[in-house]
Amino acid sequence: MINKVSETKDIDQVYHLRYFLSDLSECLSHEHQQIIESGIENFVFSQQMKISKNEFNYLKENQGKLLSTKGFLFLNSLSTKLTTESIENKDLIDVVLQIECNLREMGNNHIFIDLTRSNEKEEVLFDLNTTFRLESIHQDKQTWSIKMMATNDGELIIKKYIEDTHRQIENVSISIIFGKLMCDMNKWNQLQKYFQYLLNDLSSNHEDLAWIEH
């Protein structure tokens, strides 16, 4: 359900789930800290899956670029994840997705937890909006191999956007910056709903009210 909400970007449901999502990410962060303390720096996770030709072509066109998940990403080595598109089997392509995670390069902002230690099968869960670099796509016999590297580039982009906004507008809160981002992306309907939720939740003397009403 959480991933469905994230993928549809329904601002109503996202806002109502915001505390739950925050708590879940905090739990993942706590578990991730145990991985950091283990001293292991490099992890490689793989999963066989079937994707549509459209999805495959999109990935081929974006080799070397950054990709971000819209929700939580769960990999299970013993399962085959089917594409969400309603298509016939002949349009499915067998691929092996391989994700490498180097803790030294990722830093502490990139959150994932390895569930393998408590199960016989290899499992890993990545936090919301995890960013990956699509390193390469090549064919091995009848199966295509897709290699991706977890990266903190997404965090750096977010940090730069916040810093640039603070240079333009002093003393503006993260809540208002998020609204500005939706404005920059021309998400007018979502922006209106988001600000309405803020108006309903904020106290009458809250400093953000002036920005919203303006």
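The values are calculated or read from the model by the stated rules, or taken from the named source; none is laboratory data. Because the structure is predicted, anything quoted here is derived from the model rather than measured. Cβ atoms come from the backbone with ideal geometry, glycine included; neighbour counts cover every protein chain shown.
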message: Just to confirm my filter: which helices (runs of 4 or more DSSP H) fall fully inside region 1-91 and include at least 3 residues that are acidic (Asp, Glu) and modelled with pLDDT under 80?
response: 18-37
field: Residue, surrounded by the fewest Cβ atoms within 10 Å (Cβ to Cβ), within region 32-48, restricted to residues that are within 19 Å of the chain's Cα centre (by Cα) and closer than 30 Å to GLN142 by Cβ
entry: VAL44
field: Residue satisfying condition, being touching a Ser or Thr at 6+ places or on another chain (Cβ under 6 Å), assigned by TED's automatic domain parsing to the domain that holds GLN98 and under 18 Å from THR130 (Cβ atoms), within set SER22, SER68
entry: SER68
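For (1) part of a helix (DSSP H, G or I); (2) within 24 Å of THR131 (Cβ to Cβ); (3) among the hydroxyl-bearing types (Ser, Thr, Tyr); (4) outside the structural domain of THR131 (by TED's automatic domain parsing), each residue gets a yes or a no:
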{"residue": "ILE162", "(1), (2), (3), (4)": "yes, yes, no, yes"}
{"residue": "ARG167", "(1), (2), (3), (4)": "yes, yes, no, yes"}
{"residue": "ASN171", "(1), (2), (3), (4)": "no, no, no, yes"}
{"residue": "LYS180", "(1), (2), (3), (4)": "yes, yes, no, yes"}
{"residue": "CYS183", "(1), (2), (3), (4)": "yes, yes, no, yes"}
{"residue": "LEU191", "(1), (2), (3), (4)": "yes, yes, no, yes"}
{"residue": "GLN196", "(1), (2), (3), (4)": "yes, no, no, yes"}
{"residue": "TRP211", "(1), (2), (3), (4)": "yes, no, no, yes"}
message: Regarding region 204-212, can at least one residue be identified that is under 18 Å from THR69 (Cβ atoms), acidic (Asp, Glu) and at pLDDT below 80?
response: no
task: Collect the residues in region 162-199 that are of a type in the set (A, V, I, L, M) and out of contact with any Cys (no Cβ under 7 Å at 6 or more places or on another chain), keeping them in residue-number order.
output: ILE162, ILE169, VAL172, ILE174, ILE176, ILE177, LEU181, MET182, MET185, LEU198, LEU199
